[in-house]
Amino acid sequence: MKYLQIHIAVFLVMCFINAAGLKAQESDEKDFVDYVNPYIGNISHLLKPTHPAVHLPNSYLCLTPDRDDNTDITLRGLPLVRSEDYYSAFHLSPFQGDISEMKPVILYGYDNEKVTPYSYSVILDKKETEINFGVSHQSAIYQIKFEEKEDGYLIFNSARGEMKWDGKALSGHQVLKEGVRAYVYLLPDQAPMANYVLENRVLKDKSQAEGKNANIVLKYSKDSGEINLRYGISFISVEQAKKNMEGEVLENDIAGLQLEGRKIWDNTLKKIKVEGGSEDDKTVFYTALYRNFRFPVSIAEDGNYFSPFDEKIHKDNIKPFYSGLHDSGWNAYLGVRPLATLLEPEREEKILNSMLEVSSQLEYFRMPRYIGLTEHKVGMISNHYIISFLDAYNKGITGFDLEKAFRAGKSAMMERTLAPVSDEPAGELNRFYKQHGYVPALWEGQKEKFLPQVKPFTNRMALAVTLGAAHDDWALAQMAEELGMQEDFDYFCERSFNYRKLYNYGTGFFHPRDKSGRFILPIDYVYSGGLAGRDFYDESNGWIYRFALQYNIEDGIEMMGGKEVFASNLDELFSKPFPEERNVQLYRYHNQTGIVGHFSMGNEPSFHIPYLYNYLEKPWKTQKHIRILMKQWFRNDLLGIPGDEDAGALSAFIVFSSMGFYPVSPGVPVYNIGSPVFNKINIELSGNRNFAIIAKDNSEKNKYIQSAILNGKPLNKPWFSHSDVIKGGRLTLQMGPRPNKNWGIGPDASPPSMPLSECSSSDK
């Protein structure tokens with residue numbers, strides 16, 4: 001019996017060891033969220049850096065460390081809510097030491113900072129105060145641990161507003177702009193020894209502060225240990241902020257909150273599963289995917305929401321209402337909105353309906369140009385949210401009022417100025433464009449008199465505005481055709497060809513004209529246009545805008561002289577070096593970063609250009625350039641984003657191109673094939689469907705497609721339709737080290753462009 005007991009004991013110990021080993025092995029395996037590195041791109045090449053952001057997917061309570069970028073060695077307090085550089089409200093400053101050194105917001109040196117999508121921790125230098133943070137949708141928990149054995153203080157600041165302590169909780173508001181406030185309700189888990197108001201750096205026995213730098217200070221004993229601060233944020237009221245806090249974090253601790261956030265993020269990111277590639281490739285990919293779940297954000301609170309656009313509280317009929325796209329349709333339409341349409345069509349439908357609500361809440365009904373979280377802003381050029389509506393509709397999202405979207409878009413184009421970075425009523429610029437079909441440019445040295453709505457810091461951007469307006473007109477024409485509005489269709493279809501008014505057949509470039517129709521001369525397509533090219537272009541030069549026509553690519557090829565000429569010019573774009581030193585180029589065009597030849601990977605007007613070889617019977621060159629660009633400019637390091645992220649624009653390019661396809665012309669429901677970074681990609685779609693991309697023998701060397709099979713049938717064209725994806729299926733690519741120049745070519749192989757009926761201008 002004793003012998004048997006020994007054997008049983010040994011067996012149990014071995015089972016325990018094996019189980020422990022298995023658990024350890026499992027713990028070494030990364031979850032999807034573990035691949036996210038929020039520090040990628042935190043140091044900018046020239047423009048704005050990315051910011052490490054702690055938030056749940058599309059939720060408005062967000063925390064980013066309050067510093068300029070990762071070269072900044074100080075933190076400006078601890079914000080209760082901070083959305084990159086768009087807005088912030090309330091600061092918390094832990095303090096120990098001489099109270100005469102207290103300030104409304106304290107600057108800290110810091111160390112051992114760690115940011116994940118769902119948590120934040122840091123040690124504040126000098127007193128080595130430990131900070132831990134966890135986030136929910138509209139609420140969060142800060143955990144403060146004073147290491148020094150002396151009394152500690154918590155300073156709460158509203159930059160402009162009110163703060164109040166009622167003996168149990170702290171509450172208040174901060175004015176974000178006139179008519180728009182953020183409210184807070186904060187509940188400490190320990191009662192303070194005393195409370196004060198900080199006025200002119202002096203502590204006073206008060207419980208309420210108002211005005212600029214309204215500060216409440218709570219004093220804690222040296223034996224307090226960990227202090228947990230649970231709080232909620234609202235745009236409606238303090239009472240609603242309290243409800244948000246009670247409903248989300250009151251019954252949770254910080255470990256539980258972080259665990260919930262981790263699970264939510266992991267379930268979100270696993271919508272796309274990738275295999276193969278390096279660990280860095282996966283980190284770049286999942287970080288980019290995480291950044292595409294930042295904006296827009298749900299601002300619904302218990303069935304209501306506060307709209308900053310009419311400054312009223314509304315019933316939430318959309319459930320939930322989304323706001324704060326934080327960037328203009330100028331760039332969001334390229335990849336951010338198409339990616340959301342692909343991954344979460346139900347949510348994208350709510351976003352589009354929210355946008356139409358905003359259209360009705362503005363003082364004049366029209367499609368918004370730039371939806372901020374606190375206001376409708378002016379942003380960039382054109383109104384490409386129009387294209388986002390068309391793209392979603394043509395991809396099967398029809399649960400919004402297409403006619404209302406058309407009317408809002410038409411109003412934006414016809415009744416609001418075409419001037420860049422402006423939202424004024426239509427004026428001379430619109431009248432000239434309506435009569436002549438282009439925006440006139442000024443000659444060098446000519447003063448701005450003709451167009452009073454043009455701002456001196458933007459100039460006319462004449463060529464970019466013309467091409468952008470024609471693009472929006474194209475989208476409106478398609479909407480009108482779908483709605484059976486023949487007169488509107490004819491009108492906007494004709495205007496959609498206005499890009500031809502600026503094409504110079506002698507040089508093969510789009511070329512600015514003056515008000516008399518003369519081409520501006522002399523011109524240097526690299527450097528003309530003044531600082532940042534704003535006289536003629538928008539954040540890019542004539543070489544980039546040479547290939548800016550996305551929706552009627554076939555016509556662009558014909559204008560340039562055919563596929564071979566177009567391909568030769570495209571080759572030159574990638575290979576031709578700048579004539580001046582790089583510092584001269586970057587000074588004149590600070591937006592053109594991520595340079596390859598004359599191509600700029602760091603700015604939105606360029607994103608579609610590497611895929612244009614698919615239209616020229618040279619898809620292997622698309623495969624080559626995409627892999628080169630992905631390797632050169634998108635890396636797992638602080639400089640790993642080559643330009644201004646623009647609320648997900650560059651990251652959407654990463655996600656699509658890493659998977660091996662890209663929406664070159666949103667509104668046309670097809671995807672261009674590139675060269676996938678990964679061996680296998682599985683996309684979870686709505687309706688429990690999946691679309692898989694298998695890249696056999698794929699590697700850094702084997703980047704060229706040898707053959708393709710789509711849903712069991714040979715595919716000899718470098719594109720597939722959105723319908724091929726959403727019904728589920730599989731694309732299998734055989735990869736190799738040398739290009740197969742016979743794959744993806746032929747008279748019917750080129751991707752379709754401009755799926756429009758013939759109209760009166762189509763033969764001009």
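Scanning region 217-245 for residues that are over 17 Å from Asp189 (Cβ atoms) and in a strand (DSSP E or B) yields a count of 3. Scan region 320-338 and give yes if some residue there is of a type in the set (Val, Ile, Thr) and under 29 Å from Pro52 (Cβ atoms), otherwise no. Yes; the residues of region 320-338 include at least one that is of a type in the set (Val, Ile, Thr) and under 29 Å from Pro52 (Cβ atoms).
Given the conditions (1) farther than 25 Å from Ala470 by Cβ; (2) within 17 Å of the chain's Cα centre (by Cα); (3) not basic (Lys, Arg), report the number of the one that Ser360 does not fulfil. Looking at each condition in turn, Ser360 falls short on (2).
The residues of region 477-491 that are assigned to a helix (DSSP H, G or I) and touching a residue at least 60 places away in the same chain (Cβ under 8 Å), listed by number, are Ala477, Gln478, Met479, Ala480, Glu481, Glu482, Leu483, Asp488, Phe489, Asp490.
Every listed requirement among (1) of a type in the set (Gly, Ala, Ser); (2) surrounded by 23 or more Cβ atoms within 10 Å (Cβ to Cβ); (3) assigned to a loop (DSSP other than H, G, I, E, B) is met by Gly97 save one, (2).
Might you check whether a residue that is over 30 Å from Ile386 (Cα atoms), touching a Gly at 6+ places or on another chain (Cβ under 7 Å) and either free of Cβ contacts under 8 Å to residues at least 40 places away in the same chain or among the acidic types (Asp, Glu) (or both) occurs anywhere in region 677-691? No, because not a single residue in region 677-691 is over 30 Å from Ile386 (Cα atoms), touching a Gly at 6+ places or on another chain (Cβ under 7 Å) and either free of Cβ contacts under 8 Å to residues at least 40 places away in the same chain or among the acidic types (Asp, Glu) (or both). Name, by its number, the condition in (1) at pLDDT 95 or above; (2) surrounded by fewer than 23 Cβ atoms within 10 Å (Cβ to Cβ) that does not hold for Tyr499. In the conditions (1) at pLDDT 95 or above; (2) surrounded by fewer than 23 Cβ atoms within 10 Å (Cβ to Cβ), Tyr499 misses (2) alone.
What pairs come up if the first residue lies in region 568-594 and is of a type in the set (Asp, Glu), the second is crowded, with 17+ Cβ neighbours inside 10 Å, and their beta carbons are under 9 Å apart, counting only those six or more places apart or on different chains? Matching pairs, first to second residue: Asp571/Lys621; Glu572/Trp543; Glu572/His598; Glu580/Val526; Glu580/Tyr527; Glu580/Arg588.
Going by the conditions given, is Trp474 touching an Asp or Glu at 6+ places or on another chain (Cβ under 8 Å) and either over 30 Å from Asn569 (Cβ atoms) or touching a residue at least 60 places away in the same chain (Cβ under 8 Å) (or both)?
On the way: touching an Asp or Glu at 6+ places or on another chain (Cβ under 8 Å): no; either over 30 Å from Asn569 (Cβ atoms) or touching a residue at least 60 places away in the same chain (Cβ under 8 Å) (or both): yes.
Taking the combined requirement at face value, the residue does not satisfy it.
Just one residue in the set Thr287, Thr283 is closer than 24 Å to Thr341 by Cβ and either surrounded by fewer than 23 Cβ atoms within 10 Å (Cβ to Cβ) or among the β-branched types (Val, Ile, Thr) (or both); that residue is Thr287.
Of the listed requirements (1) crowded, with 20+ Cβ neighbours inside 10 Å; (2) more than 30 Å from Gln585 (Cα to Cα), Lys103 misses just one: (1).
Each residue in region 120-177 was checked for being under 18 Å from Ile106 (Cα atoms) and either in contact with a Pro (Cβ under 6 Å, 6 or more places away or on another chain) or hydrophobic (A, V, I, L, M, F, W, C) (or both), and 13 pass.
Restricting to strands (runs of 3 or more DSSP E) lying wholly in region 128-189: which have 2 or more residues that are free of Cβ contacts under 8 Å to residues at least 40 places away in the same chain and out of contact with any Leu (no Cβ under 6 Å at 6 or more places or on another chain)? Quick ask: steps written out before the conclusion?
Working: elements: 129-135, 139-145, 152-165, 170-177, 180-188.
Filter on region 128-189 gives 129-135.
Say we look at region 694-720 and pick out the residues that are crowded, with 17+ Cβ neighbours inside 10 Å and of a type in the set (S, T, N, Q); which of these is farthest from Ser278 (Cα to Cα)? Among those that are crowded, with 17+ Cβ neighbours inside 10 Å and of a type in the set (S, T, N, Q), it is Ser707.
Being modelled with pLDDT of 95 or more and either part of a helix (DSSP H, G or I) or of a type in the set (A, V, I, L, M) (or both) is a description that applies to Ile386.
Could you look through region 141-179, keep only residues that are β-branched (Val, Ile, Thr) and crowded, with 18+ Cβ neighbours inside 10 Å, and pick out the one that is nearest to Glu260 (Cα to Cα)?
Ile141
Starting from residues that are aromatic (Phe, Trp, Tyr) and in contact (Cβ under 8 Å) with a residue 40 or more places away in the chain, keep the ones in region 493-524 and report whichever is farthest from Lys410 (Cα to Cα). Selected residue: Tyr505.
Residue selection: Ser119 fails the criterion of being crowded, with 24+ Cβ neighbours inside 10 Å and either touching a residue at least 12 places away in the same chain (Cβ under 8 Å) or over 30 Å from Pro296 (Cα atoms) (or both).
Residues checked against (1) at positive phi; (2) out of contact with any Asp or Glu (no Cβ under 9 Å at 6 or more places or on another chain); (3) modelled with pLDDT under 95:
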residue	(1), (2), (3)
Asn304	no, no, no
Phe309	no, no, yes
Gly324	yes, yes, yes
Glu348	no, yes, no
Gln361	no, no, no
Tyr370	no, no, yes
Ile381	no, no, yes
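Checked against the criterion of being in a strand (DSSP E or B) and surrounded by 19 or more Cβ atoms within 10 Å (Cβ to Cβ), the candidates Phe691, Phe678 yield just one match: Phe691. Annotation: Gly508 fulfils all but one of (1) buried (at least 24 other Cβ atoms within 10 Å of the Cβ); (2) at positive phi; the unmet one is (1). Looking at Glu148, Glu130, which one is more than 30 Å from Tyr322 (Cα to Cα) and at pLDDT below 95? None of the others qualify; the one that does is Glu148. Of all the listed residues (Met367, Met355), the sole one being buried (at least 20 other Cβ atoms within 10 Å of the Cβ) and outside any helix (DSSP H, G or I) is Met367.
For region 622-649, a tally of residues being more than 21 Å from Asn679 (Cβ to Cβ), in contact (Cβ under 8 Å) with a residue 60 or more places away in the chain and part of a helix (DSSP H, G or I) returns 1. Restricting region 61-94 to residues that are assigned to a strand (DSSP E or B) and of a type in the set (Gly, Ala, Ser), the residue that is modelled with the lowest pLDDT is Ser83.
The values are calculated or read from the model by the stated rules, or taken from the named source; none is laboratory data. For clarity, every value in this text was computed on a predicted model and none was experimentally measured. Glycine gets a Cβ as well: all are built from the backbone with ideal geometry, and neighbour counts include every protein chain shown.
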